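For reference, the structure is listed below as structure tokens.
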Amino acid sequence: MDFDFELILAIAFFVTFAAWLYDRIAYAPKRKKILSQMAPEAVAALDKNAQLNLADTPKWLLEVKSYFVIVAVIFGLRSFVAEPFQIPSGSMLPTLEIGDFILVNKMDYGLRLPVLNKTIIPTTEPERGDVVVFKYPENPSLNYIKRMIGLPGDVISYHNKRLMINGKLMDEELLAELPVSLNPSREPVAVYEENLDGVSHQIYKSYRRNPLEGDWVVPEGHYFVMGDNRDNSADSRVWGFVPEENMKGRAFYVWLHWNEFFSLPSFKNNGLIE
């Protein structure tokens, strides 16, 4: 079963807010009236919890509303500033490793309503070469991360493991041939530095034949994305284009690496994402 954490957090926010508001309307005035009728020294003798228990305020209400501020801060930061994600697969190797924890800038590509993901304040638009997080078109409860390759109107071609955009072959330079890679299969790969109209980054290419070839025209309001691990990535070559409304933000920083639960976290990959 897939869990939409953003939806769960939104529900928690509205539940705790409703409890806070109900207490403010139904019980806070009663507590204030009782306190005003008490002697100052008696009020001073009461701690905060004792004051809250006045007017027979239900304990469940006090418990639920006590989480409102914490939930609101987390909800606000995740929705409008930066959201954390963990990399679950090797589709973005060598840029991002399995187990990397990243931050996504939620202010890029427009401020959006949580859950609905509707733009309320336009800001910037995705650029070619950005590492983007988006809702998977075939199952929006899942978040995917890939590199932005094609913008609306672009003509994308991928043949013989070479990328062409609008008739221009993207430059690449062989950096290394690895007998053992970071892929789960540890298969040998060639590491290239690819240049996407001025955005340089590293990619993996295996020595296997890759059937993921073709030509695509990116429709308006959509984007074409690919994984940096070109022969081990299910991306727009497989399931098509990403609608603009599915975009969540730009991945910009790795802040922790923790691959397995019983392993020690490390900071070996910390830094800005290229």
Practice item. Among residues belonging to segment 61-111 that are of a type in the set (D, E, K, R) and touching a residue at least 40 places away in the same chain (Cβ under 8 Å), point out the one that is surrounded by the most Cβ atoms within 10 Å (Cβ to Cβ). Key: D100
**Study point:** Counted residues, segment 249-262 - those being open to solvent by less than 40 Å² (accessible area, probe 1.4 Å), farther than 13 Å from R147 by Cα and of a type outside the set (V, I, T)
**Key:** 2
Point to revise | Candidates L178, L174 - the one that is more than 22 Å from Y109 (Cβ to Cβ), surrounded by 13 or more Cβ atoms within 10 Å (Cβ to Cβ) and at pLDDT 95 or above | key: L178
Revision key, fill the gap. Of the conditions (1) in contact (Cβ under 8 Å) with a residue 60 or more places away in the chain; (2) surrounded by fewer than 20 Cβ atoms within 10 Å (Cβ to Cβ), the single one that D130 does not satisfy is (2)
Review point. Restricting attention to segment 210-229, which residues are over 11 Å from I149 (Cβ atoms) and assigned to a loop (DSSP other than H, G, I, E, B)?
Key: N210, P211, L212, E213, P219, E220, G221
Review point. Do you know which residues across segment 108-135 are within 19 Å of L93 (Cβ to Cβ) and in contact with a Leu (Cβ under 6 Å, 6 or more places away or on another chain)?
Key: G129
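For segment 258-274, what are the residues that are within 30 Å of D197 (Cα to Cα) and not small (G, A, S)?
Filtering segment 258-274 down to residues within 30 Å of D197 (Cα to Cα) leaves 268-274.
The answer is K268, N269, N270, L272, I273, E274.
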Point to revise | Restricting segment 145-160 to residues that are surrounded by 18 or more Cβ atoms within 10 Å (Cβ to Cβ) and charged (D, E, K, R), the residue that is nearest to N246 (Cα to Cα) | key: K146
Practice item. Please specify each residue of segment 236-248 satisfying the condition of being farther than 17 Å from E125 by Cα, surrounded by fewer than 22 Cβ atoms within 10 Å (Cβ to Cβ) and not hydrophobic (A, V, I, L, M, F, W, C). Key: R237, G240
Revision key, fill the gap. The residue that is surrounded by the fewest Cβ atoms within 10 Å (Cβ to Cβ), considering only those in segment 214-234 that are under 15 Å from M164 (Cα atoms) and aliphatic (A, V, I, L, M), is V217
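Which strands (runs of 3 or more DSSP E) sit wholly inside segment 66-173 and have at least 2 residues that are farther than 30 Å from L21 by Cα? Break it down stepwise before answering.
Values: elements: 82-86, 100-105, 119-121, 131-135, 143-150, 155-159, 162-165.
Correct list: 82-86, 100-105, 131-135, 143-150, 155-159, 162-165.
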Exercise for review: Return only the number of the condition from (1) under 24 Å from R250 (Cα atoms); (2) in contact with a helix residue (DSSP H, G or I) (Cβ under 7 Å, 6 or more places away or on another chain) that L212 does not satisfy.
Suggested key: (1)
Review point. Only one residue in P188, P243, P211 is of a type outside the set (D, E) and more than 22 Å from R162 (Cα to Cα), so which one is that?
Key: P243
Exercise for review: Of the conditions (1) crowded, with 18+ Cβ neighbours inside 10 Å; (2) within 30 Å of L113 (Cβ to Cβ), N183 clears all except one; give me its number.
Suggested key: (2)
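The values are calculated or read from the model by the stated rules, or taken from the named source; none is laboratory data. Being a predicted model, the structure only gives us computed values, none of them experimental. Note that we place each Cβ from the backbone using ideal geometry, even for glycine, and neighbour counts take in every protein chain shown. Calculation scope for accessible area: heavy atoms of the full protein, side chains included, ligands and nucleic acids excluded. Shrake-Rupley method; radii C 1.70, N 1.55, O 1.52, S 1.80 Å.
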